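The values are calculated or read from the model by the stated rules, or taken from the named source; none is laboratory data. A quick note: this is a predicted structure, and the numbers were derived from the prediction, not measured. FYI the Cβ positions are ideal-geometry reconstructions off the backbone, even for glycines, and counts take in every protein chain you see.
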Amino acid sequence: IGATISDIINGNVEEGGRFISGNPLTGTQIAANGHLSYYDYQLTVIPEGGNNQFFGWIMPGFDKFSLSRTFSSWLTPDKEYDLNTNKNGEERAFVMTGQYEKVFPMDIYPVHLVKAMITEDIDNMEKLGVYEVAPEDFALCEYGCTSKIETQKIVREALNLVKKECS
């Protein structure tokens with residue numbers, strides 16, 4: 001229970017936006033008549049996606065942002081993009097691309113750790129540093145993931161499992 005957002009957004013926001021209590025990477029979606037979370041001090045509104053392109057992956061994509069050089073937009077690094085909530089695809093096989101290591105804030109092996117979390121291998125999780133991480137640490141990994149894996153959710157479930165098993 002926090003501040004109501006209806007007074008803030010009234011007349012300031014266009015229709016069709018997603019309201020997030022907190023930041024876009026770790027916040028939670030709320031309704032237009034909802035409230036900011038007790039611990040959040042930021043309201044984020046981003047355009048709702050949902051405009052899927054037929055065979056969009058085959059196009060050169062000069063107007064699409066990509067961390068992995070999937071599209072030709074990497075040729076114009078100073079270009080600004082209109083980002084929205086569209087994932088531009090669905091969940092895929094979890095492949096090792098090296099992107100997690102590029103954006104992860106700590107010096108551990110995040111892909112190996114996440115794979116150990118998926119398989120619920122507590123011994124490997126402990127060896128790979130599960131006690132050093134929080135779901136928020138994986139926010140940029142989730143944003144740039146070519147496999148569209150919900151990494152923060154996996155980390156939260158794994159931390160709950162470790163807490164349950166080791167207490």
query = Looking only at the stretch 111-147, which residues are under 20 Å from ARG69 (Cβ atoms) and in contact with a helix residue (DSSP H, G or I) (Cβ under 9 Å, 6 or more places away or on another chain)?
reply = VAL111, LEU140, CYS141, GLU142, TYR143, GLY144, CYS145, THR146
message = Name the single residue that is farthest from the chain's Cα centre (by Cα) among those in the stretch 119-155 being in a loop (DSSP other than H, G, I, E, B) and among the hydroxyl-bearing types (Ser, Thr, Tyr).
response = THR119
task = Go through (1) surrounded by 15 or more Cβ atoms within 10 Å (Cβ to Cβ); (2) not in a loop (DSSP other than H, G, I, E, B) one by one and return the number of the condition LYS102 breaks.
result = (1)
task = Consider GLY98 carefully, then state whether it is in the same structural domain as LEU140 (by TED's automatic domain parsing) and under 30 Å from GLY129 (Cβ atoms).
result = yes
key: Cross-chain or 6+ apart pairs with Cβ under 7 Å, the stretch 106-134 first and free of Cβ contacts under 8 Å to residues at least 60 places away in the same chain, then assigned to a helix (DSSP H, G or I) and surrounded by fewer than 16 Cβ atoms within 10 Å (Cβ to Cβ)   = MET106/GLU132; ILE108/GLU132; PRO110/GLU101; ALA116/ASN124; GLU120/LEU161; ILE122/GLU165
PRO60 being assigned to a loop (DSSP other than H, G, I, E, B), over 30 Å from GLY11 (Cβ atoms) and in the same structural domain as CYS145 (by TED's automatic domain parsing) = no
request  = Output yes when any residue across the stretch 65-74 is over 18 Å from THR146 (Cβ atoms) and not assigned by TED's automatic domain parsing to the domain that holds GLU150, and no when none is.
outcome  = no
ask   = If you take the residues in the stretch 23-57 that are of a type in the set (Ser, Thr, Tyr) and either assigned to a loop (DSSP other than H, G, I, E, B) or in contact (Cβ under 8 Å) with a residue 60 or more places away in the chain (or both), which one is farthest from LYS79 (Cα to Cα)?
value = TYR38
